[in-house]
Amino acid sequence: TRDVDSRSSVTREALPVLVGWFGCKRSHLRKYAKMYADIGYDNVVCVIPPTASTLFPALGDAFAASALESVVKAKARIAELDDAADGGEDSDRLDDVSTPGVVLHIFSNGGDLFAGNIAH
């Protein structure tokens, strides 16, 4: 792992969120998470939607809300680490337009359906 001070600026641009296909395992997404790490992203969030979320839309909505909460927590933690690295400046970074965005990397139709639940 790299030291916080040695991170490249690419890590501050976006938080990659990998949305797997139905039935995938976390181990299936590891190589893609590693790909992002290899090009300079220190943090990647992996989401594996439950297959049952297509059969029960309420379950899909609940899981989407839980996944979004995880992404918000990850972004807040990244902002805290960035603030600590900057000596505490920009304490209201989450409200700042320079806050890193989110990049959704969606796999297959299952990931696409789940992304629709997130947008819903």
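In nanometres, what is the gap between the two model label sites at Thr54 and Ala74, each 7 Å from Cα along Cα-to-Cβ?
2.3
In nm, give the distance between the simple-model label positions of Ala85 and Ser66, each being 7 Å from the Cα along the Cα-to-Cβ direction.
3.1
For Val103, enumerate residues with amide H under 5 Å from its amide H, sequence gap 5+ or separate chain, H modeled in the peptide plane.
Leu15, Val17
Bear in mind these aren't lab numbers, they're just calculated from the coordinates by the rules spelled out. Values in this document were obtained by computation on a predicted structure and should not be read as measured data. All Cβ positions, even for glycine, are placed from backbone atoms using ideal geometry, and neighbour counts span all protein chains on display.
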